[in-house]
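The values are calculated or read from the model by the stated rules, or taken from the named source; none is laboratory data. Just so you know, these numbers come straight off a predicted model, no measurement behind them. Here Cβ is always computed from backbone atoms with ideal geometry, including for glycine, and neighbour counts include all displayed protein chains.
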């Protein structure tokens with residue numbers, strides 16, 4: 001594993017493995033400008049050391065406990081990223097049959113897979129049962145009935161936990177809030193006991209746990225503590241009715257530092273949660289968690305080139321070759337990503353630039369006004385300069401598209417001084433491979 005940068009290097013806040021060395025931005029021991037020259041832009045670069053350091057914080061938090069960490073792969077489902085977590089012994093949280101295939105292709109253990117999501121099809125249920133996954137997180141009473149039928153048709157019993165909606169406000173963007181009454185996820189808190197009793201009566205199911213997930217990019221411990229209290233109240237009533245629960249799944253959702261955010265460290269958060277678990281008398285239970293963004297978000301950097309600088313009467317535009325198809329979070333969530341130059345521009349020992357700083361909107365080439373990456377950013381840039389968009393390890397490549405027939409970017413995994421291509425740049429021919437012309 002790469003060591004964290006020395007004091008002489010200037011690590012970026014919240015990104016211990018991304019730092020300026022002699023004014024050049026590096027990921028671990030590799031210069032990003034070198035990677036841009038060799039592989040072109042836009043490109044995504046991921047730090048293996050950063051991912052494993054984030055995982056280690058959870059492992060410290062669970063030291064001495066019976067716990068399973070399942071990487072929520074919707075954050076970044078690239079095979080090379082999955083391979084890192086599979087090799088580290090992680091399980092996986094999936095939400096589709098395609099994600100199941102990716103986990104297995106990357107060497108993941110089917111018995112450590114949790115299948116979440118509100119709309120599992122019969123075909124996906126059958127596929128997961130035949131693979132021997134560890135648990136289905138079921139999100140509705142109707143889904144219980146269908147899953148039981150599918151399992152019985154295969155002569156199997158499906159291991160299930162039921163996802164509970166605790167009606168706790170995670171204080172995050174409404175699109176990534178999942179634990180309120182108005183959200184589509186889970187079953188209502190007040191209906192939970194009855195639905196568990198129904199699940200226990202179905203021949204094709206084996207009740208094994210309870211699940212809760214309240215949202216994403218959560219930066220405060222309070223919603224987790226509130227949700228845990230409500231879930232443990234349910235555990236007590238469910239087990240009092242004669243239904244044993246082998247595990248408690250507290251989901252994921254821990255935030256990262258995008259813009260001076262201060263989420264609790266994973267080990268500190270779980271120290272608080274485990275104290276509450278012990279106080280309530282459930283410390284002996286197996287614990288399951290499903291972190292995604294907090295494992296990969298700050299491990300990723302998107303490198304992009306400035307195409308044009310376009311002054312305007314009210315706005316100056318810095319037009320780059322990365323776009324909303326590569327980096328969808330700003331357009332979708334009005335999300336913030338820090339944007340920094342590959343060559344540092346300030347400081348007594350750092351390189352200087354011959355152009356003045358100005359305020360820019362950083363935008364892409366897609367034919368949409370929503371194609372912006374950053375608003376009102378102070379930069380000293382000219383055409384040909386290279387920039388790094390930070391915190392792009394989560395919900396960027398996994399949500400990318402081919403809009404405007406743009407190919408998906410190269411992905412690289414950096415391990416110390418080694419660089420691995422984990423996805424080649426997509427071509428127009430790649431995109432058209434499954435299409436067919438017709439005789440008109």
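Residue-wise test of (1) outside the structural domain of residue 43 (by TED's automatic domain parsing); (2) at negative phi; (3) in a loop (DSSP other than H, G, I, E, B); (4) crowded, with 17+ Cβ neighbours inside 10 Å.
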site: 305; (1), (2), (3), (4): no, yes, no, yes
site: 326; (1), (2), (3), (4): no, yes, yes, yes
site: 354; (1), (2), (3), (4): no, yes, yes, no
site: 373; (1), (2), (3), (4): no, yes, no, yes
site: 378; (1), (2), (3), (4): no, yes, no, no
site: 384; (1), (2), (3), (4): no, no, yes, no
site: 388; (1), (2), (3), (4): no, yes, no, yes
- Task: Determine which single condition residue 227 fails, assuming it passes every other condition in (1) surrounded by 15 or more Cβ atoms within 10 Å (Cβ to Cβ); (2) closer than 30 Å to residue 301 by Cα.
- Result: (2)
- Query: When you look at residue 370, is it under 20 Å from residue 319 (Cβ atoms) and under 25 Å from the mean Cα position of the chain (by Cα), yes or no?
  - Reply: yes
- Task: Any chance you could count how many residues in segment 201-225 are closer than 22 Å to residue 116 by Cβ and either outside the structural domain of residue 144 (by TED's automatic domain parsing) or over 23 Å from the mean Cα position of the chain (by Cα) (or both)?
- Result: 7
- Note on the structure: Being over 28 Å from the mean Cα position of the chain (by Cα), at pLDDT 80 or above and surrounded by fewer than 14 Cβ atoms within 10 Å (Cβ to Cβ) narrows 157, 194 down to just 194
- Query: Would segment 112-120 turn up any residue that is at pLDDT below 90, at positive phi and within 20 Å of the chain's Cα centre (by Cα)?
  - Reply: no
- Mind counting the residues in segment 206-236 that are in a helix (DSSP H, G or I), closer than 19 Å to residue 268 by Cβ and touching a strand residue (DSSP E or B) at 6+ places or on another chain (Cβ under 9 Å)? 4
- Return the total of residues in segment 135-151 being surrounded by fewer than 24 Cβ atoms within 10 Å (Cβ to Cβ) and in contact with a strand residue (DSSP E or B) (Cβ under 9 Å, 6 or more places away or on another chain). 7
- Which of the residues belonging to segment 390-399 are closer than 26 Å to residue 430 by Cα and either in contact with a strand residue (DSSP E or B) (Cβ under 8 Å, 6 or more places away or on another chain) or surrounded by fewer than 20 Cβ atoms within 10 Å (Cβ to Cβ) (or both)? 392, 393, 394, 396, 397, 398, 399
- Note on the structure: Residue pairs within 8 Å by beta carbon, gap of at least six or interchain, first lying in segment 36-58 and on the phi > 0 side of the Ramachandran plot, second assigned to a strand (DSSP E or B), listed first then second, are 40/410
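Matching residues to (1) modelled with pLDDT of 95 or more; (2) closer than 19 Å to residue 387 by Cβ; (3) surrounded by fewer than 24 Cβ atoms within 10 Å (Cβ to Cβ):
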{"site": "5", "(1), (2), (3)": "no, no, yes"}
{"site": "18", "(1), (2), (3)": "yes, yes, no"}
{"site": "77", "(1), (2), (3)": "yes, no, yes"}
{"site": "107", "(1), (2), (3)": "yes, no, yes"}
- Does residue 45 fit the bill of being at pLDDT below 95 and more than 14 Å from the chain's Cα centre (by Cα)? no
